[in-house]
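To start, the structure itself, in structure tokens.
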Amino acid sequence: MKQFRVLVVDDESRILNFLTSKLKASGYGVLTASSGIEALEQVQAQEPDLVVLDVVMPTKDGFETLKDLRRFSSVPTIILSARESNADKVKGLRLGADDYLAKPFSPDELVARIEAVRRRLAPPEKRKTYDELTLGEMTIDFKRHLVCVQGREIQLTRIEWLLISELARNAGNLMPYDELLTRIWGPEFRDDVQILRTWISRLREKIERAPGSPRFIRTVPKAGYIMDLPAA
């Protein structure tokens, strides 16, 4: 089996060496980069399976690096930051990060979060599936992982696709916050409603005419979300 490879990006050699040792001991292949520019080059040349990206770096910080990365790659990315700011967390998630971990952190927690991302990448467990589903002006092609609204193909990230798939397969039914979080991110995230709200907001911006007045994904306050069925 091909070894799962993690690219660790940090300008501090001490942290690079520490995380390299921990991840190798946990069975991962490890690549390293000490700057945002080097990280982008490594992703293009080496195609790692996941990126662990520090925010605070000179010249090109982690947010700028992630923004550039998302122009050509959807590789899963975990942001690391010494700034435990909710605004920074939301910014990272909006730019396309899969997770956010504040420093100082336990290396075991980082490994656990990497494992959670790996579970999301694994083939889903067998459950009722469709080849294609049409909900009003939106058509979802599950075989080809395509979403079209009014005949226009919508480009989705992996997390956005997983979210819309879960909601569409359960169209007309309430999907509670904790259930969606568990299915998409894993049981460790069942209480992290903020990350779910952020990604739902990103998804709405792509599929809704007016994200503030959604037609497809309806919020049930303090409960969850529903993919509404079209009116008869």
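Shape of region 1-48 from its Cα gyration tensor (a ≥ b ≥ c, root eigenvalues): rounded if a/c is under 1.5, otherwise prolate when a/b > b/c, or oblate?
Working: a/c = 4.23, a/b = 1.11, b/c = 3.80.
Oblate, because a/c is 1.5 or more while a/b does not exceed b/c.
Among I226, I37, which comes first, second and so on when ranked by fewest other beta-carbon atoms within 10 Å? Working shown, then result.
On the way: I226 18, I37 14.
Listing I226, I37 from fewest to most nearby Cβ atoms yields I37, I226.
Using only Cα atoms, tell me the angle between helix 36-46 and the longest principal axis of the chain; keep it within 0 to 90° and round to the nearest 10.
The helix 36-46 is inclined about 70 degrees to the chain.
Per residue of region 49-54, in order, report the coupling 6.51 cos²θ - 1.76 cosθ + 1.60 (Karplus, θ = phi - 60°) as ³J(HN,Hα) in whole Hz, putting x for Gly and Pro.
Ordered by residue, 3J(HN,Hα) equals 7, 7, 10, 10, 10, 6 Hz.
Please report, in Å, the Rg and the Dmax of region 5-121, where both are computed over Cα atoms only.
So, for region 5-121, Rg and Dmax equal 12.6, 34 Å respectively.
Exposure proxy check: I164, I195, I79 ranked by fewest other beta carbons within 10 Å? Mind showing how you got there, number by number?
Working: I164 23, I195 20, I79 26.
In order of increasing Cβ crowding within 10 Å: I195, I164, I79.
What dipole magnitude, in Debye to the nearest 20, does region 5-121 give about its Cα centre under +1 on Lys/Arg Cβ and -1 on Asp/Glu Cβ? If you can, show how the numbers build up before the last one.
Details: 17 positive and 18 negative charges, 66 e Å.
The calculated dipole for region 5-121 is roughly 320 debye.
If a/c stays under 1.5 just call it rounded; otherwise compare a/b with b/c (prolate if a/b is bigger, oblate if not). Do that for region 132-227, with a ≥ b ≥ c from the square roots of the Cα gyration tensor eigenvalues. Walk me through the numbers on the way to the answer.
On the way: a/c = 1.72, a/b = 1.46, b/c = 1.18.
Taking the square roots of the gyration eigenvalues as a ≥ b ≥ c, region 132-227 is prolate.
Are there trypsin sites (Lys or Arg not before Pro) in region 16-80 that DSSP marks as loop and that have at most 14 other Cβ atoms within 10 Å, and which are they?
Numbers: sites: K22, K24, K60, K67, R70, R71; in loops: K60, R70, R71.
For trypsin sites (Lys or Arg not before Pro) across region 16-80 that sit outside H, G, I, E and B with at most 14 neighbouring Cβ atoms in 10 Å, the list reads R71.
Quick one: angle between helix 158-169 and the longest Cα principal axis of the chain, in degrees between 0 and 90, rounded to 10, please.
Once rounded, the angle reads 30 degrees.
Which of rounded, prolate or oblate describes the chain when judged by the alpha-carbon gyration tensor and an a/c cut-off of 1.5?
On the way: a/c = 1.90, a/b = 1.87, b/c = 1.02.
Prolate, because a/c is 1.5 or more and a/b exceeds b/c.
Taking the Cβ of S34 as the centre, find all other residues whose Cβ is under 13 Å away and add up their charges (Lys, Arg: +1; Asp, Glu: -1).
On the way: positive: R14, K60; negative: D10, D11, E12, E38, E41, D54.
Its environment carries a net charge of -4.
Let's see if you can work this out: charge +1 on each Lys and Arg Cβ, -1 on each Asp and Glu Cβ, no other charges. What is the dipole magnitude of region 183-232 about its Cα centre, in debye to the nearest 20? Kindly include the intermediate steps, with their values, before the conclusion.
Numbers: 10 positive and 6 negative charges, 35 e Å.
It comes to approximately 160 debye.
Grab the other residues whose beta carbon is less than 12 angstrom from that of L162, score K and R as +1, D and E as -1, and report the net. Walk me through the numbers on the way to the answer.
Values: positive: R119, R120, R158, R169, R183; negative: D98, E160, E166.
That works out to +2.
Okay, which of region 1-19 sit inside 17 Å, backbone N to the point 7 Å along the Cα-Cβ direction of L121?
Inside the label zone: 1-9.
I want the antiparallel fraction of DSSP beta bridges within the chain, as a percent rounded to 5. Before the final figure, lay out each step's value.
Values: 17 of 34 bridges.
Close to 50 percent.
Which distance in nm do the two modelled labels at V90 and I154 give, with both placed 7 Å along the Cα-to-Cβ direction?
Roughly 2.2 nm, to one decimal.
So what's the angle, to the nearest 10 degrees on a 0 to 90 scale, between helix 107-121 and the longest Cα principal axis of the chain?
Once rounded, the angle reads 40 degrees.
The numbers here are math on the coordinates, done by the rules we state, and not lab data. Since the model is a prediction, treat every value here as computed from it, not as a measurement. For neighbour counting, all protein chains shown are included, and Cβ atoms are generated from backbone atoms with ideal geometry for every residue, glycine included.
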